[in-house]
Amino acid sequence: MLRSVNELEGYTLRATDGDIGKASDIYFDDQDWTVRYLVADTGGWLTGRLVLISPQSLGAADMAGEDLQVSLTRDQIESSPPITADQPVSRQYEAEFHDYYGYPYYWGQPYLGAAASRALVSTPAQSPPLAVPEGTAPTEAVEEQERRGDPHLRSAGEVTGYHIEAANGEIGHVEDFLVDDESWRIERMVIDTRDWLPGKKVVVALRDISEVHWPDRVVRVAQTREEIESGPEFDQSSLRDHRQGPPLI
């Protein structure tokens, strides 16, 4: 089933032995638009910690009860690798997180560690993960990469509000995302067109996104304003199993 990310935020997360808090955000991979982590707001239970839950531990969402089952215990979550809420999610942390739970790496290969990372930064055949100023030591470059976090991991909460540029001009902003709760892949983006068509929200498929310019917070779509206007209007009650109809993307 397709789920609205805005709707999922606020759902109660239920571990096998009790509640652990509420869903507050998701992190997705901007290369294939797959949700990698759900962010849990644990209230006063683990104050100051950012708790991440992998979709590999999530059951189906209960829309009536507004909750998500998590196949972990509270002790497992409390003992998981800690990260504070004001730090980015680095690849090193992700490796520790996946090792702790025994999950396979979604990036396709083991995390190589600092020594191997330094070698990669200094190897001409490899594209550097970030711009390294002349004279910067390889160790400093790796430390800077870890400080910035995984460059492909995006927060839905942060991307919500990005400006939408159609082929012939700006039309609105990102309002929501629609996620398949089995594959945990973002299937569509919801656009609020109130800057041009007051009060209307429309849905666009990922195939219509021509570019995302992350530094400028802009999403560019190949469609014109008129094509977007004539597209399907978003209706929360219309979410259905996309396997019963034509592919969304």
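Would you say D32 is touching a residue at least 12 places away in the same chain (Cβ under 8 Å), assigned to a loop (DSSP other than H, G, I, E, B) and either within 21 Å of F177 (Cβ to Cβ) or not aromatic (F, W, Y) (or both)?
Yes.
To keep it simple, each residue is scored yes or no on (1) assigned to a strand (DSSP E or B); (2) surrounded by 16 or more Cβ atoms within 10 Å (Cβ to Cβ); (3) modelled with pLDDT under 90; (4) at positive phi.
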{"site": "I20", "(1), (2), (3), (4)": "yes, yes, no, no"}
{"site": "S24", "(1), (2), (3), (4)": "yes, yes, no, no"}
{"site": "A40", "(1), (2), (3), (4)": "yes, yes, no, no"}
{"site": "G65", "(1), (2), (3), (4)": "no, no, yes, no"}
{"site": "Q76", "(1), (2), (3), (4)": "no, yes, no, no"}
{"site": "Y100", "(1), (2), (3), (4)": "no, no, no, no"}
{"site": "Y106", "(1), (2), (3), (4)": "no, no, no, no"}
{"site": "Y111", "(1), (2), (3), (4)": "no, yes, yes, no"}
{"site": "A114", "(1), (2), (3), (4)": "no, no, yes, no"}
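So that you can scan it fast, the table gives a plain yes or no per residue for (1) in the same structural domain as S54 (by TED's automatic domain parsing); (2) loosely packed, with under 15 Cβ neighbours inside 10 Å; (3) at pLDDT 95 or above:
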position	(1), (2), (3)
E187	no, no, no
T193	no, no, no
P198	no, yes, no
V203	no, no, no
R207	no, yes, no
R217	no, yes, yes
R225	no, no, no
I228	no, no, no
D235	no, yes, no
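Just need a number here: residues in region 64-99 that are under 17 Å from A15 (Cα atoms) and either of a type outside the set (A, V, I, L, M, F, W, C) or without any contact (Cβ under 8 Å) to a residue 24 or more places away in the chain (or both).
So the answer is 12.
The values are calculated or read from the model by the stated rules, or taken from the named source; none is laboratory data. Remember, predicted model here, so these are calculated numbers, not experimental data. Cβ coordinates were reconstructed from backbone atoms using ideal geometry, including for glycine residues, and neighbour counts include every protein chain displayed.
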